Structure formats: structure tokens, C-alpha cells
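Report on the following structure.
Just so you know, all these numbers are worked out from the coordinates, no wet-lab data involved. Just so you know, these numbers come straight off a predicted model, no measurement behind them. Positions of Cβ are backbone-derived with ideal geometry, glycine not excepted, and every protein chain shown enters the neighbour counts.
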Amino acid sequence: MKKIPIYQPYLKGNESKYVNDCLESNWISSKGKYVSKFEQSVESYIGDISATSCSNGTVALHLAMLSLNIGPDDEVIVPTFTYIASVNAIRYVGAKPVFVDCDIDNWNISADLISKKITNKTKAIMCVHLYGVPIDIDPIIELACKHNIKVIEDCAEAFGSFYNKDHVGKKSDISTLSFFGNKTITTGEGGMVFSKDPKLINKVKILKNQAVSETIPYWHDIIGYNYRLTNISSAIGLAQIENIENILKIKKNIADSYKNYLEHHGVTFQKIPKNSSSSFWLVVARFKSKKIRKAVSKNLETSNIETRPAFPLISEMPPYTRFSDESYENSKKISDTSLCLPSYPDLSDKDIEHISKIIIRSIKSDTNLEKNP
């Protein structure tokens, strides 16, 4: 039986050519022409920002925190419905995560929800574009400016997502990307920090390179980190971004196909804000109940089709329960009833139809059992 994974990279361009060039030139670590070329390609694609690469998306968040001088006694507002890296980075600098619920339709946090969590200790808001769907960021920026709060955008899942014609991440103080193997474009492991403020990015560049002095060799005035990206990884990233428009087009078609098959069977999907576009990193289907999701997942697994549940709430995990005593009703409902479906660019129309038919049969079977216990 053919196995259908939830994701695999789309390596159809110059990846091999550029990597072989690295090997032949012996430039394989964090020095070499592809590092700057990749950074420049991201700057060009997003537009009007400065960017610097790093070893993964989690350290990108850590560097963003450090660049804004966030530390102990500071509070950072963050969604509980996200990947744990968003919250771990807050704790890396000793700050307190303040969890917030999400909107029931687009699954992201909003200015209205955030405003209820602001205190005199709030230093920043962490905005996560969940599964590639852009946050309605303008009201959040307005709220942050009113209270003199910094905004960080975690765009790990949203490379290629746009909000009001701007790439996500451009309107905040500082933003991050991930290029892990399952992301829209990949470097294997890798990340990026970007901002409209070049001074912040210059600070990140120093921090990621062991904070070595720019004037005195092997001299370090502050504590730094070894968070650099390799030339080989950057070579892969450059080849990937050369193909970004094609990848985004394919992924939109995949999302549209799933919706066409499933929306008439009680399955819902994230709502995308007006004048915005998603990278459709993962197609995530929401079912009417946790029971139906379980049946769908089991039947797909039996057919050798890989899925994964939507992110569990961070506020319910052992390291973070002490930071909240709320239930986060919307986040809990979405988390409990949603399932990530195979979403990689090489997924064929036939595969999507096959997956969808299994899902529909599972829904109908479960509904009949409920009617005839």
C-alpha cells in the first residue's frame, strides 16, 4: 500500500547544483557566498526589510527576544494554540508567557483578545500566523503603539503569506521564519530574523556569531551564541526560494481541492482575513467532534496515510500550567477537533481525492453509528 506522508520537501530546482558547488569549493560551514545570497533573496522577496539567517526557527525567536531586551519580570502575550517554540523562546530569556485565546474562525489571536491581557509588565506581543493564515495585524499594531509594547511576528509557518499586499512580518518590530524540512521552503534546518529596523538586525548578527567584536579579533564584550546557518543549508534555501511562486501556487490548489471535496460534509477550515493570502503551509481540517476526528485519523492511518492532530494547547503542558488557570475555550475546541492533512507540493489530485473519500466515508460511518447506537 502506498504511503502518503504528511509532508516532504519539494526539491525540483537547483538544490543539487548549488550544494555540489559548496562541496567542490570546500565552503560548507557558515562562511561562503550562499549565506549572503540566501539572505538577500529573502530580503528581496519580502521587500524593504533587513534579514539575517540562523540555524533554526526556534533560535530565530530567541534572537528576536534578545534584540528587544526582553528579560525577567517582563510579560509577553502569546497564543496558547501554537507550536511550543513560540513560548519556549519567551522562557529562554526569563520572561513570563501570558496566554491568550484565539478567534474561532481564523484560529489566530486578535487585538480584542490581547487587550484584556495587557498589564504594566507587558513588554511584547508574540503574533503567530498559524498554519500560514495571516493574523489581522493592523489593529494589534495600533494597540501595541498605544501601550508602547513591542510586536514580534512568528512567521515560521507563513513564508509566502500576505496581509493587505504586504508580506507578513513587515509591520512589527521584528519577525522570524523557519526553514525546517516540512516548511513551505526549506534549508533542512534553518531560520531567519528580519525587521524594517536594520539596527535590530545588526544586533542579531552580532549575537548569533558569539558576539565577537567587530573591531578586535576573538574579543567578546557580551555573551553571544553560535546560531549561524551553514553555506550548504543556504544553498538549498536559495534554490528553494527561486521556485517559491510555483510552490505557493501548487499549495493553494491543494487547499482548494480539499475544500471542494470536504466542505459539503461538515468539514471547516481556517478563515483567511480579507485582502490577505495564505501560504497554506498545512491544510488543517476541523470536524464536528473529537470523536469524528479520531475516526478519520484512525481510518487514514489504516490506509497508510499520515496525519497529525492540531497543536495541543501550550497552557496545558507541564512546563506551562503554572502560568495560567483559564480554559481558552476557542483554542480548546479547535485543537480537539482538527487534523493536519498531507499537504506537500508533490501530492497529486488523485491522492487528494483518495484521502478525501476516506474522510467522507469516516464521517458518514460515524454519523450513522450516532443515529443507530
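A viscosity of 0.692 mPa s and a temperature of 37 °C, combined with the Kirkwood radius over C-alpha pairs in the Stokes-Einstein formula, give region 83-206 a diffusion coefficient of 218 µm²/s. Take 255-266, 93-104 and order them by the average number of nearby Cβ atoms within 10 Å per residue, most first; the result is 93-104, 255-266. Among the GluC sites (Glu not before Pro) within region 307-347, those in coil by DSSP and having at most 14 neighbouring Cβ atoms inside 10 Å are Glu326. Against the chain, whose longest principal axis is taken from its Cα atoms, helix 231-241 shows a tilt of about 50°. In this label model, Asn253 and Ser29 are separated by 4.3 nm, measuring between points 7 Å along each Cα→Cβ vector.
Backbone amide hydrogens, once placed in the peptide plane, bring Ser276 within less than 5 Å of Asn164, excluding anything fewer than 5 places away on its chain. Recomputing Rg and Dmax of the Cα atoms in Å from the coordinates shown identifies the correct label among (1) 20.9, 68; (2) 19.7, 61; (3) 21.1, 78 as (3). Gain on full extension, evaluated as 0.36 nm per residue between Lys357 and Ile223 minus their Cα-Cα distance, stands at 42.7 nm.
If packing is taken as the average number of other Cβ atoms within 10 Å across a peptide's residues, how do 284-293, 191-200 rank, most packed first?
191-200, 284-293
Loop-resident GluC sites (Glu not before Pro) (DSSP state other than H, G, I, E or B) in region 175-253 with no more than 11 further Cβ atoms inside 10 Å of their Cβ: Glu214. With coordinates expressed along the principal axes, the C-alpha atoms belonging to region 1-124 extend over 55, 46, 27 Å, beginning with the largest. The eigenvalues of the Cα gyration tensor, multiplied by 5 and square-rooted, give region 272-312 an equivalent ellipsoid with semi-axes of 25, 13, 8 Å from largest to smallest. Hey, if you put +1 on the Cβ of every Lys and Arg and -1 on every Asp and Glu Cβ in region 15-241, which of Ile216, Asn88, Asn182 ends up farthest toward the positive end of that dipole? Working it through, the farthest residue towards the positive pole turns out to be Ile216. Working note: Karplus 6.51/-1.76/1.60 with θ = phi - 60° gives region 206-223 the couplings 5, 4, 6, 10, 6, 6, 5, 4, 7, 10, 10, x, 6, 10, 10, 7, 9, 6 Hz, where Gly and Pro are set to x.
For the pair Asn148 and Gln40, label points projected 7 Å from Cα toward Cβ lie 4.0 nm apart. Computing FRET efficiency as 1/(1 + (r/R0)^6) for Asn120 and Asn164, where r is the C-beta to C-beta distance and R0 is 22 Å, gives about 0.10. As a calculated quantity, the FRET efficiency between Glu326 and Asp138 at R0 = 41 Å, using C-beta atoms, amounts to about 0.95. Among Thr337, Thr80, Thr268, Thr215, the ranking by other beta carbons within 10 Å of each residue's beta carbon, starting with the fewest, stands as Thr215, Thr268, Thr337, Thr80.
Before anything else, pin down the relative contact order of the chain: Cα pairs under 8 Å, at least 6 apart, normalised by residue count, whole percent.
24 percent
With a simple spin-label model that places each label point 7 Å from the Cα along the Cα-to-Cβ direction, the separation between Asn69 and Glu306 comes to 4.5 nm. Placing +1 on the Cβ of every Lys and Arg and -1 on the Cβ of every Asp and Glu, with nothing else charged, gives region 15-241 a dipole about its Cα centre of roughly 500 debye. Scaled to the globular estimate 2.2 N^0.38 Å, the Cα spread of region 244-371, given as radius of gyration, is 1.14.
Checking the cross-link pairs Lys96/Lys333; Lys96/Lys332; Lys31/Lys96; Lys17/Lys171 against a 32 Å limit on the alpha carbon distance flags Lys31/Lys96; Lys17/Lys171 as lying beyond it.
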